[in-house]
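Dropping a structure here in structure tokens format, bear with me for questions.
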Amino acid sequence: MKNFTFGYGRFKKTILYFAFCIFALIFVVVCHSPRGNDTSAKETIVAADTLIEPTGNAELDSLLQAAAVARPDTTLALLYFEIAEIYKNNDVEQSKAYYLKLEKLSEELDWNRGRYSFYSGFALMLTRERLADSAFAVSLKALEIAQLERNDVWIGNANISIGNSFYRKHWNQTALQYYTEALSIFERINNTEGISVACSMMGNIFLAIGMPEKAIEVCEKAVTLEPEDPFTLTVLGRAFSDADNNEKANFYFKEALRISESQNNAYVISYIYYMLASDAVDDYDLDNGEKYLQKMQEINGYNIYFDAGYLAVAARLEALKGNFAQAESYALKTLEILNDDESWNAKAVSCLTLSIVMLAQRRFSECAHYLSEMASAEKALASETAIRSAAEMEARYENEKKQLEIERQQHLIARQNMQRGLLAGGVAICIVFLVLLWYMLRLRNRRNVALTERNDALTERNDALTERTDILSEMNATKDKFFNIISHDLRNPASALHDNLRMLVHNIRLWDVDMLSDFSNELLHAAEGQVELLNSLLNWARLQTGRMTCTPVAFDLAARLRTDIALVRKLAENKGVALHCQMPDDDAIVTGDANMLVTVVRNLLTNAVKFTAPGGTVTLSITADSPYLGVCDTPLQSPASPIYTVSITDTGTGMTPEQIENLFRLDKHQTRRGTVGEEGTGLGLIVCKELLAKHDSVLHIESHEGKGSRFWFSV
């Protein structure tokens, strides 16, 4: 009877449960009718919103809210990544948790971008926790996906991640190799952010091997590209600190601190306060040292290594203040934190602090004990360094051995492929030869028919050739002049450049850096002269062959000249020549081919700078004369358009009347060197004259030897 009663009770409860479920199902269907969709969605969002506990970070709260209601697709995966990135500098465990969520969802979606994002981010977390081998394994997976996707940015970042793992293992040369590879990739694709990161990581390596000057060099390059990167600024501050330039070190630390605080980057903030406190204590600035330690303590630390750093600096500070008991307590706590870690350098510093404290308290036996512990730590550090170096050398040897084996296999495969290719190529050539033979036989029959027709055509052409004889004679004369210029001005500099390069090759191991630099500058000047000659020859040839057409339009001459004036001004400043420009305040609207007129002015300015000695002056003047009152030649010309006079005046070497007379004659071609040995082509003024002729303008010259020259034209 009891059993029956119990069974009936259970049956009754089951019936009631199913009835409740059916009622709930009907209620859900009604609530999710088409008219109720918006209300239901709002209620869902509100319900989800109540589940998210505010973190105080508006951006993070927004991402958490979006992730709470997002569907499990790539958008949610990206949200997981962004949340993990925000947490990584403030909450390690939360960051790792969201990285793991990203990995799981990416595997479910079979999405390589999500896998790469997980591997690259998680590797950084492992590196910060000093799990170098695990970080290396994860970074290799990131590199594998990056190479599979052929994404250069990913490949560069994966190389940096691998370098970080080796840097954490103190395999500095290997880490530097990966950072250098990443830098070459980022420079090839012109990725400034990647270049900055690679340079800053290389700066870490140079600091580790005792080269602060080299670290400053690469980090300053990184700061130039990414001035708002707190990590790079921190590394640069460390470099100046190691170089005993605490003023600059503090400047960069404080700048990095300002940016890190705006980004809420607790990791970098903790580290910067540690470095500022350490430098202040080293400079016996106890007030600032205590202030920075207090700031570091307010952040509550990022990991045990920052806690150990805080205690180590605090111990030194208290020792300098004479609080030996407190200094001893801090130093012992430092050793306790580092007990399970092989941070021999930090242990040695703590033991040194303790020995000084004991000596100050006349506890000589304990002082000797800590000095012995310090010596043991230094020996362990030296031994560990030797072991790491040996391990790094062994790993590099094995890697090179594997690389040689891979290259041997690739060479074997390439040779086999070449043999197959040669065989296939031979067959293809035979087929092509047979087809060509058949085609040539067919063409011969067609050509026999065509020859008769061509004979008649040749008779007609002979009459036309007679009419062109005069034109060809003139062109031959021009050609002869052209080749005379080439043989005189191009062959000799080319031969001299060849001889100088041969001398450089033979003496490159004998000359010092200054001699090589001077010789290379001379070669560069020679090459620049040849380039100028070639440009002049090509422009002149285009003019002679009619391939440079004049397209007149109305344009602002003064505005178009600004860029070229800036370039010539830089050339003049390098030579020590003053360049003055006198142009109308309003627009100087002229009608003509803009490129041709700008080329004329640029060539005249360049010549003026070339033949003006350092300390001289070159003046460009554009003045408006009386309006044009004649008949308009083009639709763009206004009857009241002013005529502008463009004048270039210099205080250079000037010219004799004979030199002026021969300036535009190819048969009297002559070149002159500038005041500091610049090469001349002799064609620049000829090109200017012919370009102005296309604008119905004339190039006027006024010059006195030793007093300077003036060139002007009107347009």
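Could you count how many residues in segment 227-265 are assigned to a helix (DSSP H, G or I), over 20 Å from residue 208 (Cβ atoms) and among the acidic types (Asp, Glu)?
Residues meeting the conditions: 3.
Among the residues of segment 702-711, are any at pLDDT 85 or above, in contact with a Lys or Arg (Cβ under 9 Å, 6 or more places away or on another chain), of a type outside the set (Asp, Glu) and within 30 Å of residue 615 (Cβ to Cβ)?
Yes, some residue in segment 702-711 is at pLDDT 85 or above, in contact with a Lys or Arg (Cβ under 9 Å, 6 or more places away or on another chain), of a type outside the set (Asp, Glu) and within 30 Å of residue 615 (Cβ to Cβ).
Here is a list of conditions, (1) at pLDDT below 80; (2) in contact with a Leu (Cβ under 8 Å, 6 or more places away or on another chain), and residue 585 meets all of them except one; can you say which number that is?
(2)
Yes/no matrix, rows are residues, columns are (1) within 22 Å of residue 706 (Cα to Cα); (2) modelled with pLDDT of 80 or more; (3) charged (D, E, K, R):
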site: 593; (1), (2), (3): no, yes, yes
site: 597; (1), (2), (3): no, yes, no
site: 616; (1), (2), (3): yes, yes, no
site: 659; (1), (2), (3): yes, yes, no
site: 675; (1), (2), (3): yes, no, no
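In segment 448-461, is there at least one residue being within 30 Å of residue 534 (Cα to Cα) and modelled with pLDDT of 70 or more?
no
Confirm whether residue 577 is in contact with a helix residue (DSSP H, G or I) (Cβ under 9 Å, 6 or more places away or on another chain), buried (at least 16 other Cβ atoms within 10 Å of the Cβ) and under 20 Å from residue 653 (Cβ atoms).
It is true that residue 577 is in contact with a helix residue (DSSP H, G or I) (Cβ under 9 Å, 6 or more places away or on another chain), buried (at least 16 other Cβ atoms within 10 Å of the Cβ) and under 20 Å from residue 653 (Cβ atoms).
This table checks each residue for (1) closer than 21 Å to residue 220 by Cβ; (2) crowded, with 19+ Cβ neighbours inside 10 Å; (3) of a type outside the set (Ser, Thr, Tyr).
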residue	(1), (2), (3)
110	no, no, yes
131	no, no, yes
148	no, no, yes
151	no, no, yes
162	no, yes, yes
168	no, yes, yes
181	no, no, yes
205	yes, yes, yes
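Within segment 82-128, can you find the residues that are charged (D, E, K, R), in a helix (DSSP H, G or I) and over 21 Å from residue 201 (Cα atoms)?
Correct list: 82, 93, 96, 101, 103, 104, 107, 108, 113, 115.
The values are calculated or read from the model by the stated rules, or taken from the named source; none is laboratory data. Everything numeric in this text was worked out from a predicted model, so none of it was measured. Here the Cβ is made from the backbone with ideal geometry for all residues, glycine too, and neighbour counts use every protein chain on show.
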